[in-house]
Every structure is written in structure tokens, then in C-alpha cells.
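Colleague: Below: one structure in C-alpha cells.
The values are calculated or read from the model by the stated rules, or taken from the named source; none is laboratory data. On a predicted model such as this, the values are computed, not experimentally measured, just so you know. Please note: Cβ atoms are built from the backbone with ideal geometry, for glycine as well, and neighbour counts cover all protein chains shown. All accessible areas refer to the heavy atoms of the entire protein, side chains included, with ligands and DNA or RNA removed. Shrake-Rupley method; radii C 1.70, N 1.55, O 1.52, S 1.80 Å.
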Amino acid sequence: MMWRVVLLSLCLATPAIAQGESDVAPGLLLENRQIDRAYGAFQRGLYIRAREEAERQAARGQASSMTLLGELYRLGLGVPTDEDKALEWFLKAADGGDPNGMYSAALALSHPEAESGSLERAANLLQRAADTGHPGSQFQLGIRFLEGVGLSRDPNAAKSYLLAAAEQNVTDAQYALGRALIDGNFGAVNEVEGVEWIAVAAQNGLTAAQVDYAIMIYQGRGVEADKRTSAAWFERAARSGSPVAMNRLARLYATGEGVDGDPIIAAMWHLLARDSGASDPWLDGVVASLTEEERRAARSRAARLGQTLAY
């Protein structure tokens, strides 16, 4: 499985970020140090005050405040958006020993338009941060070792860093580790352990993991086959907005596998998936086979449910 899209994300490094809770860098939400005035103002949305306090603290050499200034410039909070200035502050924070600054600088250097050599420089920063136990950096470094981005491909190192991040409850690392084990990216295929990690990511709310887990349970790969449990996971992912899960669930309702068969519910889920761009000619045929009254009922249910789904 290719993970380069993950490498360029600025918001996948911690459980909070992975689940879409914020666009703020993880270090700013997961600070272990005593909250100072700059961070306190930032978390209350007082961005100009946060900048002023952070500038005073940065002038005294406080690296964490340099990271905060980088975030303010990256996001344009209390200051004009300025990615160059953000990177400048992140690098200063990294030089000052702040792992969050190292992490943020590495992600900024991984931008597709970054200059030559930036990926290698980013990998070095991630290595420094990961070795302090920074979970987001462990995840990103594991992916880069897996893909050979900015450093030589090393499956053993990839597994080690992904496992370290997964054990710190980084949901994306749990999913990436599970997929890599199933796909044999570390050597021998290990479906049992892989499914276990995907299950953890699914329980933590990662929709892609929920879909994969449902498929593995349906097929009985690495886990005992159970159509009813599979259907429950497909529904959980469908209600999170996954078109793939919607069509999978629609097929189960159309065939009565793991659920009580119901062609109207099957049509409802397929109509929702189709509205999201996911086609399925077989399910189109199921919808076409319904009476006009049944199709109207399915469309009505789809319209009501579509207003409540977590797209």
C-alpha cells in the first residue's frame, strides 16, 4: 500500500489529529509542560496576545514558543499566513531542541514544492524527534522508512517506528502497521497480527480501518468469519460517510447476509453511495427491480439519513 499522501498531511500524526479534531499541530494540543501564557492565550483563541507572549519568550530562548510562532504563521492566526516565516520559526525551535518544532519543520520541508534535499533534511529532523519518543514523528519516520522517502528503505526500521507510534495510540500508525503486516511489507505476511492492529484503529474510529476490518471479518482472513459482525462494522463505517462501506452494506441487505434482507434498505444505502460517486452496476440492478413505490421509499430514507451522516 502506498502512503505518500500521508507524508504530506499536516494533520495525521496523533490520535487527536488523525480523527480530525483540529488543524493545530499536535504539540500544541499535547503539551506536557506547564501551560504558559502564550499557549494559554492560544488555546483561548487570543492569537494576537499569544503571538506577543510567544515573541517575548522566544527572545529568551524558549524553543516551544518558537514552535507556537511557527504555527501562528502557518495557520495565519493573529498574523498574515506566511509559510516561509513559519518554517523559519520551526527550524529555530528544532535547533533549540523542541521535538514539536522538529516535527513541524519536517512536515513543512516535505511540501511537494520544497527545494531539492528537503526530504532528506526532513527525515533527519523526524529521526531526532522520534528518538525523543515523539509519536507523530515516529509514525512519519516509519512511513518514510517503508517507502524510502528521504532515506534508504528499511522495513525493519519502518516496523520498529510504526510499532512505537501505534503503542502510543497513534491511530494512523495502528492502521499503517496493520496494512503493512497484511501486505507483507516487512517480509512474511502476518494477517493475524495485522488484523489485530486494524481492529484497534477501527475501534479508535478510523473509517478506512473499519472498512478493512469489516472485509477481513467477512472473508475470514486473520480472524474468524462472522457475517453479522462484518455487517455491523460496515454500517459503522457507512454512517461515518464511507461510500465503499455503504455499497458493501447495501449488498448484504440485498442478499440477506449478516442482516435481515431488505431491498429497500439496500437501495437506500446504494443511493447514498451513488450520490457520493461510488458506482455498483449490480446494485443499480437491485434498485431498478423495485417497484416505483419502493424506490420512492428508498429515496426518502436516503434523503433523511443523508442529513445525519458524518461526511
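Colleague: Need one value: the accessible area of residue 42 in square angstrom, 1.4 angstrom probe, rounded to the nearest 10.
Modeller: 10
Colleague: Can you list the aspartates and glutamates whose alpha carbon sits under 12 Å from that of residue 85, skipping same-chain ones fewer than 8 residues off?
Modeller: Within the straight-line cut-off, residue 85 pairs with 71.
Colleague: How much length would be gained if the chain were fully extended between residue 167 and residue 84, taking 0.36 nm per residue of separation minus their Cα-Cα distance, in nm to one decimal?
Modeller: Fully extending the segment from residue 167 to residue 84 adds 26.5 nm.
Colleague: Another one. Helix 135-147: angle to the longest alpha-carbon principal axis of the chain, degrees 0 to 90, nearest 10?
Modeller: 70
Colleague: Would you kindly state the longest site-free stretch of the chain, with sites defined as GluC sites (Glu not before Pro) in a DSSP loop (not H, G, I, E, B) surrounded by at most 16 other Cβ atoms within 10 Å?
Modeller: Answer from the scan: 116-223.
Colleague: Run through all the Cα pairs of segment 218-311 and give the fraction in each 5 Å bin from 0, expressed as whole percent.
Modeller: Once binned at 5 Å, the Cα pair distances of segment 218-311 give 3, 16, 25, 25, 18, 8, 3, 1, 0.
Colleague: Just grab the label-to-label distance for residue 49 and residue 288, each label 7 Å out from Cα along the Cβ direction, in nm (one decimal).
Modeller: For residue 49 paired with residue 288, the spin-label model returns 6.4 nm.
Colleague: Separate question: Remind me, relative contact order of segment 203-256 in percent, using alpha carbon pairs under 8 angstrom and six or more residues apart?
Modeller: 29
Colleague: Next question, about the same structure. Using 1/(1 + (r/R0)^6) with R0 = 51 angstrom and r between the beta carbons of residue 131 and residue 228, what's the FRET efficiency to the nearest 0.05?
Modeller: Calculated value: 0.70.
Colleague: Pull out the extension gain between residue 279 and residue 255, defined as 0.36 nm times the separation in residues minus the alpha carbon to alpha carbon distance; nm, one decimal.
Modeller: Contour length minus the Cα-Cα distance gives 6.8 nm.
Colleague: Now, a different point. Run the numbers on the chain and let me know its relative contact order in percent, using alpha-carbon pairs under 8 Å that are six or more apart.
Modeller: Value for the chain: 10 percent.
Colleague: Limiting things to C-alpha atoms, what are the Rg and the maximum Cα-Cα separation (Dmax) for the chain, in angstroms?
Modeller: Every Cα atom of the chain included, Rg and Dmax give 22.8, 74 Å.
Colleague: May I pose another question? Over all pairs of distinct alpha carbons, what does the Kirkwood formula give as the hydrodynamic radius of segment 48-88, in Å?
Modeller: 9.7
Colleague: For a quick check of understanding: with a 1.4 angstrom probe and all protein chains in place, what accessible area in square angstrom does residue 84 have, to the nearest ten?
Modeller: So the heavy atoms of residue 84 present about 120 Å² to solvent.
Colleague: Per q in 0.26, 0.29 Å⁻¹, report the Debye log10 I(q)/I(0) for segment 181-232, using one uniform scatterer on each alpha carbon and no solvent.
Modeller: Reported log10 I(q)/I(0), two decimals: -0.97, -1.11.
Colleague: Ok, one more. For segment 93-207, place one equal point scatterer on every Cα, skip the solvent, and apply the Debye formula. What is log10 of I(q)/I(0) at q = 0.16 Å⁻¹?
Modeller: Log10 I(q)/I(0), no solvent term: -0.71.
Colleague: Suppose all protein chains stay in the model; what accessible area per residue would a 1.4 Å probe give for segment 54-159, in Å²?
Modeller: 41
Colleague: Hey, another quick one. Between 248, 236, 299, which gets the highest mean-square fluctuation from a Gaussian network model of the chain, Cα cutoff 10 Å?
Modeller: Top of the fluctuation ranking is 299.
Colleague: Carbon-plus-sulfur fraction of the accessible area of the chain, 1.4 Å probe, in percent?
Modeller: 48
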